[in-house]
Amino acid sequence: MALDRTQSVGLHLSARAGGFREYDGFLYRRCRRPRLTLPPEGPRPPRQKRSEATLARILDAARTLLAVRDIDEVTVEDIASEAGVSVGALYTRFRSKDELLTHLLDVTQRSQAERLAEVLAEARWGTVDLAGRLTWLVEQLQASARAQPGLIRAVFARLLSQSPALNAGPAALNARSVALLAAWLQAAPDGVTAPDPDLAASATAAWLSYSVHMALLYDFAFPGQDGEAVASELRRAALAALRPAPAAG
């Protein structure tokens, strides 16, 4: 039996309501789409989180390698292998090894500056005199240089080799750390008695950091000398600069 347009439309609507649909004069049962079930381990993390995790692995791998090698001895392939990623994945984030290391140095210096600010603000320093503070500072500088010699060498090489314009960020972080250390030294109970306390504290903080790292990383500042003897002499010289003996007569 032929259906007019009105009847055809009515049949189409009623068929859809009953789970059927009309196509070219025939009725077809509508099939439900299968529901998707997640795998037992749960959904994969969003792309952004995966990307952040990959970046963290790459930076950790570079730190690990620089703890035992110098920059020139570490290749992109070494870093990718240590991180468990492909070389292509590394190059999607960094155009070169230099760009990767520049980012790593920025992250490292920023993290160290933030951590230093937290430690120096602790209440435990209230009763620690200058000698005690200098002992702690030298020990921390030694530990840092021994833990990641390649990375610390890279920081120093960058500070010494780049132009002021390119080095503005790292230089600002370094200046901030020196200023924090200078204020911390001046806050000791026995105080800084040099004629210009601000200058003496700032110069001592900068000089001490440089001297300890040069002695441990390059072994040319004090060749052949015992490390503890050098550290003791550096502390003595720093204390003498901050609290000079009264002039005789």
Does at least one position in region 162-170 carry a residue that is modelled with pLDDT under 95, in a helix (DSSP H, G or I) and either surrounded by 13 or more Cβ atoms within 10 Å (Cβ to Cβ) or not hydrophobic (A, V, I, L, M, F, W, C) (or both)?
-> yes
When (1) at pLDDT below 75; (2) over 26 Å from the mean Cα position of the chain (by Cα); (3) of a type in the set (Gly, Ala, Ser) are applied to GLY191, the one that fails is (1)
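Residues in region 110-125 that are free of Cβ contacts under 8 Å to residues at least 24 places away in the same chain and assigned to a helix (DSSP H, G or I): how many?
Of the residues in that region, 7 qualify.
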Name the residue, out of ALA131, ALA145, ALA201, that is assigned to a helix (DSSP H, G or I) and either more than 20 Å from PRO244 (Cα to Cα) or modelled with pLDDT under 85 (or both).
-> ALA145
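Out of LEU104, LEU116, report the one residue that is touching a helix residue (DSSP H, G or I) at 6+ places or on another chain (Cβ under 6 Å), modelled with pLDDT of 90 or more and in the same structural domain as PRO170 (by TED's automatic domain parsing).
LEU116
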Give region 61-96 a look and list any residue that's loosely packed, with under 14 Cβ neighbours inside 10 Å and of a type in the set (Val, Ile, Thr), or say none.
-> VAL68, THR75, VAL87, THR92
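The values are calculated or read from the model by the stated rules, or taken from the named source; none is laboratory data. The shown structure was predicted, so the numbers you read here are calculated from the model rather than taken from an experiment. No Cβ is skipped: glycine too gets one built from the backbone with ideal geometry, and neighbour counts run over all protein chains shown.
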